[in-house]
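Worksheet: the structure to be examined is printed underneath.
The values are calculated or read from the model by the stated rules, or taken from the named source; none is laboratory data. Because the structure is predicted, anything quoted here is derived from the model rather than measured. Please note: Cβ atoms are built from the backbone with ideal geometry, for glycine as well, and neighbour counts cover all protein chains shown.
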Amino acid sequence: MRDLTKRMTRVGLGLGVGASALLVASAAYAVDDETAYIFNSLNFLMHGFLVMWMAAGFCMLESGLVRSKSAATISLKNIAIYGIAGIMFWLVGYKIMYPGTMGEDWNGYFNFGLIWSASDPEGDFSGGYSSGSDWFFQMVFCATAASIVSGTLAERIKIWPFMVFTTILTGIMYPITGSWEWGTGWLDTNFGFSDFAGSTLVHSVGGWAALAGAFVLGSRIGKYNPDGSVNPMPGSMLPLATLGTFILWLGWFGFNGGSQLAMGTGADVAAISNIYINTNLAAASGLVVAMIMSQILFKKVDLSIALNGAIGGLVSITAEPLAPTIPIALMVGAVGGVIVTIAVPILDKLRIDDVVGAIPAHLLCGIWGTIIVPFSNDSATYYGQAVGIGAIGAFTFVVSLVLWLILKFTVGIRASAEDEEMGLDKAELGIEAYPEFTRR
């Protein structure tokens, strides 16, 4: 399970002299073993439901940044993503990502045993944590990667082709690249690639898939003019997007803190506390720097860029939230804020329509956060980090591009011009997100 054996610490016990001392030592070991099991499992469960709450954050953020005529559709996509990811990660993804886990309970990739046999045998705490709690924690990460794609492609992609892509991303693509590092695969063993909580393995994977989709799908109607100018398309409800960012910020403590992977010792709890501090300060610096940069570049503070500045700071620190000192964490987050602010107009110059700014915040900041890991963690190398970024990026982008093209030329992925102008809420769902405001 990721690099759990590297991070978990076990309580050492001395051996007594004589039979009675031996019995006392054995009893003490059993108590300590069970206590560690409880707290390590609680770490996965508690932080896992915080990461699950990030799905609500993505939903609110994206619903607020799309136009009102497609807000209900993006809401449907976000909750469907979580459902599909949960099923696919149970059906095939977990086995692909962590080959050899769950022992004999797993019989090949298409295994249905987990639903009945996820828990460890009663009274056996030797594994250090509940296997079911680990599965839950890994599953919510898978759902997060898929959520990144929906915002970039909003307002013009059909629902069902998007769901097909989500199924393959969560069931096969994300688990394959995850196995290269967290499943102790070739990036971990041969290059020492380090990605503590997933700047690349989660966020850049979602960003690469979104970028490939944006290339194939094209921009929204009316977004770009022939002379290269850009027509702003403001979101429907910026307070909702702000609430979504707050929810994501909260959920990120589970994302990074839970990736300590253990809570059975005082050292683990101290590490989680430091991770919380670095995570929070990186987000704060990303937000503040994005505000300052947008004021300088655009002569006004741009709220959407400020929100993505916070997310960019969070993504940037995710690859290594434990090792940095506070000044380094502030620096890492601040650069994330700069990246987001600069990349948004660059994407518009390239006519890449990213509705919610996910590519700068998740893809580019994910790359930045991963490549800078050796600056604070000397067990990683810049070469190893570059190999990991390149391999995961190339695989995800190429496979995503091929899959999007197959979908485009078979079932079609783009809504008709008429449907797009009317809004996907009416065209695909037959409802409106805000009927009391639009029916006047």
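Here is how the numbers come out for the structure above:
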read-out	value
Qualifying residue in the stretch 197-215 (condition: over 21 Å from the mean Cα position of the chain (by Cα), surrounded by fewer than 22 Cβ atoms within 10 Å (Cβ to Cβ), of a type outside the set (Asp, Glu) and under 28 Å from Glu420 (Cβ atoms))	yes
Subset of the stretch 406-419 that is of a type outside the set (Gly, Ala, Ser) and either without any contact (Cβ under 8 Å) to a residue 60 or more places away in the chain or more than 16 Å from Val149 (Cα to Cα) (or both) - its residue that is surrounded by the fewest Cβ atoms within 10 Å (Cβ to Cβ)	Glu418
Helices (runs of 4 or more DSSP H) within the stretch 90-206 that include 1 or more residues at pLDDT 95 or above	131-152, 159-168, 174-181, 186-191
Some residue of the stretch 346-359 being in contact (Cβ under 8 Å) with a residue 40 or more places away in the chain and in contact with a strand residue (DSSP E or B) (Cβ under 6 Å, 6 or more places away or on another chain)	yes
Selected residue [closer than 20 Å to Val355 by Cβ and crowded, with 24+ Cβ neighbours inside 10 Å] from Gly244, Gly313, Gly264	Gly244
Matching residues in the stretch 50-81 - criterion: being surrounded by fewer than 24 Cβ atoms within 10 Å (Cβ to Cβ), within 14 Å of the chain's Cα centre (by Cα) and farther than 22 Å from Ile305 by Cα	Leu50, Met52, Trp53
Subset tally (residues that are part of a helix (DSSP H, G or I) and more than 15 Å from Thr144 (Cβ to Cβ)) for the stretch 59-89	13
Any hit, the stretch 256-268, residues being in a helix (DSSP H, G or I), over 30 Å from Glu34 (Cα atoms) and aliphatic (A, V, I, L, M)	no
Pair list, Cβ under 8 Å, 6 or more apart: the stretch 258-271 residue without any contact (Cβ under 8 Å) to a residue 12 or more places away in the chain, other residue buried (at least 20 other Cβ atoms within 10 Å of the Cβ)	Val269/Met263
Residue in the stretch 370-379 that is more than 30 Å from Pro321 (Cβ to Cβ) and exposed (fewer than 14 other Cβ atoms within 10 Å of the Cβ) present	no
Residue that is surrounded by 19 or more Cβ atoms within 10 Å (Cβ to Cβ) and over 25 Å from Asn78 (Cβ atoms), where the choices are Gly384, Gly390	Gly384
Filter result for Val289 (over 23 Å from the mean Cα position of the chain (by Cα) and among the aliphatic types (A, V, I, L, M))	no
Options Ile172, Ile148, Ile176; residue that is within 18 Å of Thr396 (Cα to Cα) and in contact with a His (Cβ under 7 Å, 6 or more places away or on another chain)	Ile148
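Table: residues versus (1) under 21 Å from Ala197 (Cβ atoms); (2) assigned to a helix (DSSP H, G or I); (3) within 17 Å of the chain's Cα centre (by Cα).
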| position | (1), (2), (3) |
| --- | --- |
| Asn280 | yes, yes, yes |
| Ala283 | yes, yes, yes |
| Met293 | no, yes, no |
| Val301 | no, no, no |
| Pro324 | yes, no, no |
| Pro327 | yes, yes, no |
| Leu347 | no, yes, no |
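A quick yes/no check of all residues on (1) crowded, with 24+ Cβ neighbours inside 10 Å; (2) closer than 27 Å to Arg351 by Cα; (3) among the hydroxyl-bearing types (Ser, Thr, Tyr):
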site: Ile157; (1), (2), (3): yes, yes, no
site: Met163; (1), (2), (3): no, yes, no
site: Pro175; (1), (2), (3): yes, no, no
site: Gly192; (1), (2), (3): no, no, no
site: Ser219; (1), (2), (3): no, yes, yes
site: Asn231; (1), (2), (3): no, yes, no
